[in-house]
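Asks: Please read through the structure below; I'll follow up with questions.
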Amino acid sequence: VDLDREYALVLAREGWHPGVIGIVASRIVERFGRPTILIALEGEEGRGSGRSISGFDLHAALVACAPLLSRFGGHTMAAGLTVPRENLPAFRDALNAVARDQLGPDDLVPRQRIDLVVQLDQLDLRLEKMLRALEPCGSGNPAPVFGAERVWARNPRVVGGKHLRLTLDD
């Protein structure tokens, strides 16, 4: 994928399970900061699930691409669709045209939402217990995200071959 050219990502493949592509699309949006639609191809059509970024109405974009789709539905930040396999390249181009018209390069930078900036000594077991009372977390009730400024990573080391353990110090 050419991220300089692609303002919206449309990815399709045989064998993807339609039940998980929405979750994966969300992860791709988080990583690359672009509206994303993943399409599970089967036979002559694909079933897709999309997630968006702030400032881009995914449902309105699909309305603009409607002649290429069999059906679609959703809202500003998430949508589902069915697309004939033969329309997939044209749909990718059309969605990108809409995205390029509405978004600029600064809109395509992944963003991390931070609910509260804290000092590390404020993060304790009492807070963890209170946070558990907010569960379950999900799309309608996102988990709180804390940020800390001027924090250093001390004593980093690899554990288990692929994980990093470290101490945060402020």
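The values are calculated or read from the model by the stated rules, or taken from the named source; none is laboratory data. As the structure is a prediction and not an experimental result, all values here were calculated from the model. Positions of Cβ are backbone-derived with ideal geometry, glycine not excepted, and every protein chain shown enters the neighbour counts. Quick note on the areas: whole protein, heavy atoms, side chains included, nothing else; ligands and nucleic acids left out. Shrake-Rupley method; radii C 1.70, N 1.55, O 1.52, S 1.80 Å.
Asks: Measure nothing but the geometry: give the 0 to 90° angle between the long axis through the Cα atoms of 21-32 and the longest principal axis through the Cα atoms of the chain, rounded to 10°.
Replies: 70
Asks: Keeping the other protein chains in place, figure out the carbon and sulfur percent of the accessible area of region 98-155, with a 1.4 Å probe.
Replies: Numbers: 2500 of 4790 Å².
After summing per-atom areas, the C and S share lands at 52 percent.
Asks: Given labels modelled 7 Å from the Cα in the Cβ direction, how far is it in nm from VAL158 to SER54?
Replies: About 3.6 nm, to one decimal.
Asks: In addition: Where both partners of a DSSP beta bridge lie in the chain, what percent of those bridges are antiparallel, to the nearest 5?
Replies: The antiparallel proportion sits near 75 percent.
Asks: Right, here's the next one. Which residues does the label zone of GLU14 cover in region 21-62, counting backbone N under 17 Å from a point 7 Å along Cα→Cβ?
Replies: Answer for this model: 39-47.
Asks: A follow-up question, please. Measure nothing fancy, just the Cα-based angle from helix 88-102's long axis to the longest principal axis of the chain, in degrees from 0 to 90, nearest 10.
Replies: Roughly 60 degrees, rounded to the nearest 10.
Asks: Another one. Could you state the accessible area per residue of the chain in Å², with a 1.4 Å probe and every protein chain left in place?
Replies: Working: 11130 Å² over 170 residues.
It amounts to 65 Å² per residue over the chain.
Asks: Obtain the nm distance between the two label points defined at ILE114 and THR82 by a simple spin-label model: each point lies 7 Å from its Cα along the Cα-to-C-beta direction.
Replies: In this crude label model, ILE114 to THR82 measures out at 4.6 nm.
Asks: Using a 7 Å offset from the Cα along the Cα-to-Cβ direction at both LYS129 and ARG165, what is the distance between the two label points in nm, to one decimal?
Replies: With each label placed 7 Å out from Cα toward Cβ, I get 2.6 nm.
Asks: Now a separate question. Taking the Cα centre of region 43-136 as origin, sum charge times position over the Cβ atoms of Lys and Arg (+1) and Asp and Glu (-1), and report the length of that vector in debye to the nearest 20. List each step's numbers first, then the result.
Replies: Details: 11 positive and 13 negative charges, 42 e Å.
With only Lys, Arg, Asp and Glu charged at Cβ, the dipole is about 200 debye.
Asks: Nearest 0.05, what FRET efficiency do LEU3 and GLU42 give at R0 = 41 Å with Cβ-Cβ as r?
Replies: Calculated value: 0.90.
Asks: So what is the calculated 222 nm ellipticity per residue for the chain, using -39500 (n - 2.57) for each DSSP H run with n of 4 or more, over all residues, to the nearest 500 deg cm²/dmol? Write down the numbers at each step before the final one.
Replies: Working: 4 runs with 42 residues, N = 170.
Computed ellipticity for the chain at 222 nm equals -7500 deg cm²/dmol.
Asks: Quick one: compute the contact order of the chain, relative version, from alpha carbon pairs under 8 angstrom and 6+ residues apart, as a percent.
Replies: Numbers: 276 pairs, mean separation 28.4, N = 170.
Result for the chain is 17 percent.
Asks: What FRET efficiency comes out for ALA66 versus ASN141 if R0 is 25 angstrom and r is the Cβ-Cβ distance? Round to the nearest 0.05.
Replies: On the way: r = 32 Å, r/R0 = 1.28.
About 0.20, to the nearest 0.05.
Asks: Given (1) 106; (2) 123; (3) 162, which label gives volume of the Cα convex hull per residue in Å³ as computed from the coordinates?
Replies: Matching the structure shown: (3).
Asks: Could the peptides 16-27, 131-142 be put in order, highest first, of the mean number of other beta-carbon atoms found within 10 Å of their residues?
Replies: On the way: 16-27: 15.9, 131-142: 9.4.
The most tightly packed comes first, giving 16-27, 131-142.
Asks: A further question follows. Work out the charge dipole of the chain with +1 on the Cβ of Lys and Arg and -1 on the Cβ of Asp and Glu about the Cα centre, then indicate which of LEU120, LEU81, SER26 is farthest towards its positive end.
Replies: Toward the positive end, the furthest listed residue is LEU120.
Asks: Then there is this: For region 4-85, compute Rg over Rh where Rg is the Cα radius of gyration and Rh is the Kirkwood radius from the inverse mean 1/r over Cα pairs.
Replies: 0.94
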